[in-house]
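First comes the structure, then the notes that go with it.
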Amino acid sequence: MNTMSEHGLIHCNKLVPGHQSYRFRQALDLDLKPGEMISIIGPSLEQKSCWLKTLCGLNADYSGELELLGTNAGQQSLQQWTDSRKGIAYVHADTALLSAVNGLINVLVPVMYHDIYKDDDRHKLTDRAIALVNEIDPDICLDELPAYISRQHQVKIATARALMLKPRVLALDNPFLYFDRDERKQFQSFINRKVEQGLSIIMLTQDIRYALGQSDRILYTDEDTVCLFDSLAACRQCKIETVRAYLEQYPDP
Amino acid sequence: MLDIAYRFFWPLLRLLDHITGWPGRFLIRNVTYVIDLVTFSNLAIRDWFRKNRLLDSRSYSGTVNQIIFTGVDALPTITFLGLATGFLFTYRLIAISSSLGGTEDVVNLLVTVICLSAAPFLSAIIIISRTGSAIVVDIGNMKLRGEVDALENLGININDFIVAPRIIGTSISQLAITVYFTVIALLSGILISTIWINPTYISFILKVSFSFSPFLVTIFVIKNIIFGYVIATVACYNGLRLRGSATELPQRTTASIVQSLTFIFVIDILFSLLLFA
């Protein structure tokens, strides 16, 4: 029987992800608190992505303990799995929208499937979706099919789709990949507002300056090393050569 | 000596093994495939009933969309084919059999050949070529583009959201289409015969209607629902079996069409045995 525990939203103990190409040598202990932002940094995008997916429960190949929203990820019932997928939203830069329906329906599909807002009729749900999308970017056109929506707007619609489920953790996998400078700043300010409202963010990005500047904690990963730092200062003072060499590429602004 | 015997007999033994082993491997592969299909469809239907309530209209949006695509959108094609069947089969059957036997024989022939055999089979072929292939391409493309994974990451059960509505919708559509096809094929054939052969043949309409016993109606309904169920299951299964390459899509579509046709033939033979044996 998988019972709820007192740990944080995502809790792991001696966690080592499995990967067909890499062999991670160090384990991670982590407890993600509400309203906390953790960034994953390191030289390899694929390795960071593997860590992020494992922490979200999307990579079944791992060793150690992993708890998602208080339930053991390895022993979840179908309902617990569904709850953890609703509670821990994962958005990748290439997350696909449903190609057969327009942007608005894409945002509404999961929330209607899970019947999150039980008292809302279709009109209220639509208003909610439009308000959320406008909060992210008012220029997004929701009437078009995804094929006619720009890649950066698709990422924002995918984020809105995930946020409509009222998740407690938002995992962002390289979300700024297709953004230009202004769009990146706009989306970053939206993320910051969400963190202030209590949403936990766990993210990997190529915008390392943003990750270092905004995160409450920083997780450095490569094949040989996994280090969790409580602050940027702690990260900068790290004695491990690979971490120091990596961070030297990104001096403080 | 032993070495010579070994060298001489070993190729023969290999050949014998190959010949006798082939039917076994063929049987195991096909039986395993049928078990896979049954499990796949049962899990989909089970998940659908777990998630949805029968009297909740919101549960039916996916199923209704499938019925509209499979049933309503196909009506012009079905109407044309029904009229063609009426002329090619019903009219000729009446013309030939009325010269050989009595009215009862003609009615029996119409019920057996048109209602219970030709109509379900031709409707199934239309649904295989139209809906079955569309389902494989639709689901296959969703799989290739990562839409299926994205839905699963949002906690959406694919069985309940994608597979079950297609199976239920296609089953209902197959039944409805066959009823429509049968009516068109019979009416048009009887009307042509009435005009061209004998005006009294108009009475066949009532006679055919009354000759449908509850047993025949049950067979008709079950047969058509099974046809639709099998066609959609095979299509969904093949669509979801795509792994990552776009080149697999036409292969899976072809495989789905061939497999569905094979299943329809086998099921039709089994029903014929049940009905006439």
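Specify the angular offset, from 0 to 90 degrees and rounded to the nearest 10, of the alpha carbon long axis of helix B:214-240 from the longest principal axis of the alpha carbons in chain B.
Computed tilt is about 40 degrees.
Given an 8 Å cut-off on Cα distances and at least 6 residues of separation, report the relative contact order of segment A:39-83 as a percent. The partial results should precede the final answer.
Values: 22 pairs, mean separation 8.8, N = 45.
Value for segment A:39-83: 19 percent.
Let me check against my output: what whole-number percent is the relative contact order of chain A, with C-alpha pairs under 8 Å and at least 6 apart?
Numbers: 432 pairs, mean separation 71.4, N = 253.
Reported as a whole number, the value is 28 percent.
Please identify the longest segment of chain B free of exposed trypsin sites (Lys or Arg not before Pro), where exposed means a DSSP state other than H, G, I, E or B and no more than 10 other Cβ atoms within 10 Å. Present the calculation step by step, with values, prior to reporting the outcome.
Working: sites that count: B:ARG53, B:ARG243.
Longest stretch, sites excluded: B:54-242.
Report the FRET efficiency, 1/(1 + (r/R0)^6), for A:ASN192 and A:LYS166, where r is their Cβ-Cβ distance and R0 is 30 Å, rounded to 0.05.
On the way: r = 19 Å, r/R0 = 0.63.
So, using R0 = 30 Å, E works out to roughly 0.95.
Taking only Cα atoms, what is the 0 to 90° angle, nearest 10, from helix A:122-136's long axis to the longest principal axis of chain A?
Tilt of helix A:122-136: around 40 degrees.
Under the Karplus relation 6.51 cos²θ - 1.76 cosθ + 1.60, θ = phi - 60°, what is the ordered set of whole-Hz ³J(HN,Hα) values for segment A:85-90, x standing for Gly and Pro?
For segment A:85-90, the Karplus curve yields 6, 6, x, 10, 7, 10 Hz.
Angle, helix B:75-85 long axis vs. longest principal axis of chain B, Cα atoms, 0 to 90°, nearest 10?
70 degrees
Dipole magnitude of the protein assembly as shown about its Cα centre, charges +1 at Lys/Arg Cβ and -1 at Asp/Glu Cβ only, in debye to the nearest 20?
Values: 46 positive and 49 negative charges, 206 e Å.
Here the size comes out at about 980 debye.
At 0.36 nm per residue, and after removing the present C-alpha to C-alpha distance, how many nm does the segment from B:VAL34 to B:ALA84 gain when stretched out fully? Spell out each step's value before the answer.
Working: separation 50, 0.36 × 50 = 18.00 nm, distance 3.47 nm.
Contour length minus the Cα-Cα distance gives 14.5 nm.
Coordinate-derived values only; no laboratory data. The model shown is predicted, which means the values in this text are computed figures rather than measured ones. Reconstructed Cβ throughout: ideal geometry from the backbone, glycine too, with neighbour counts over all protein chains shown.
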